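Colleague: So that we are looking at the same thing, I have put the structure below in structure tokens.
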């Protein structure tokens, strides 16, 4: 199968093929969707093992939903993000605990040690600041500014209005600025 | 002065968000990928077994599928993405598309075309259909 052609098949078409037993469709959907699902869960939960459980459960629910998927209704990613959000909420309410640092992963050897340290410091700083936000603000800010979704799609995922999304994001960013402003120099942002 | 500080804070936040987006540590492990794919195949196997258990209905579904496709133009060659739409219509009516030639290859193969005649050697219609 031509590599470029795969990327032109929309998610819901792949889901149809998946529902009819196509293993290639299963692999493409996994490669395409799992990084987004896992990344979002990890940012919400700040715990790699918990995020893996949530991501695997969310994808399993998608596989089971495939035969009943109705074309032209929700986007597959919207549906998945909503499932992830609900699973994360359940976990957070049970544990009432948010880790402030993630388990470090091996980094690219080509990047200098200093750059790696600075990147890690910045990622940890943002992650720690996000962890202090109320859950809904954290979710809205993460979906908008890290997952790159538009406000209408976020509204659909969070089942609120677009204005409510904008308000959550604005408040979340104000809190982040307040939390990180004093660390500019430490994080390598010169204050000219 | 206050406005300048706010703008610099926004710039810092934007840069931090970008760093977070590119963070390789947020990628799923190969183990997780394998587990998710394993779940996918298990669900597909269960579904295939369920279809085999419903054999009499599968024949009726195939006939409904042939009639639906005939309404879309009979024996006309169909481009790959249009066939996706046709598949969507079929699935929308709860019909199996196991008759599609080569599954995903039909949509992405070299000539990107499939002939509806691949799906049937003959059919009868209860509804009027255009002949091309």
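Each reported figure results from applying straightforward, stated rules to the coordinates on display, with no laboratory input. Note that the coordinates shown come from a computational prediction; the quantities given were computed from them, not determined experimentally. Backbone-built Cβ (ideal geometry, glycine too); neighbour counts: all protein chains shown.
Colleague: For peptide A:29-38, how many partner chain Cβ atoms fall within 10 Å of a residue's Cβ, on average?
Modeller: What the average comes to for A:29-38 is 4.
Colleague: Another question, then. How tilted is helix A:162-180 with respect to the longest principal axis of chain A? Cα atoms for both, answer in degrees (0 to 90, nearest 10).
Modeller: Taking the Cα atoms of chain A, the angle to A:162-180 is about 40 degrees.
Colleague: For chain A, take the longest principal axis of its alpha carbons; what is the angle in degrees between that and the long axis of helix A:135-145, to the nearest 10 within 0 to 90?
Modeller: 80 degrees
Colleague: Next question. So how far, in whole Å, is the C-alpha centre of segment A:158-192 from the one of segment A:9-35?
Modeller: Here the two parts' Cα centres lie 36 Å apart.
Colleague: Peptide A:22-28: average number of partner chain Cβ atoms within 10 Å per residue?
Modeller: 5
Colleague: Now for a different question. Taking each residue in B:39-49, count the Cβ atoms of any other chain within 10 Å of its Cβ, then average. What number comes out?
Modeller: Whole-number average of other-chain Cβ neighbours for B:39-49 is 6.
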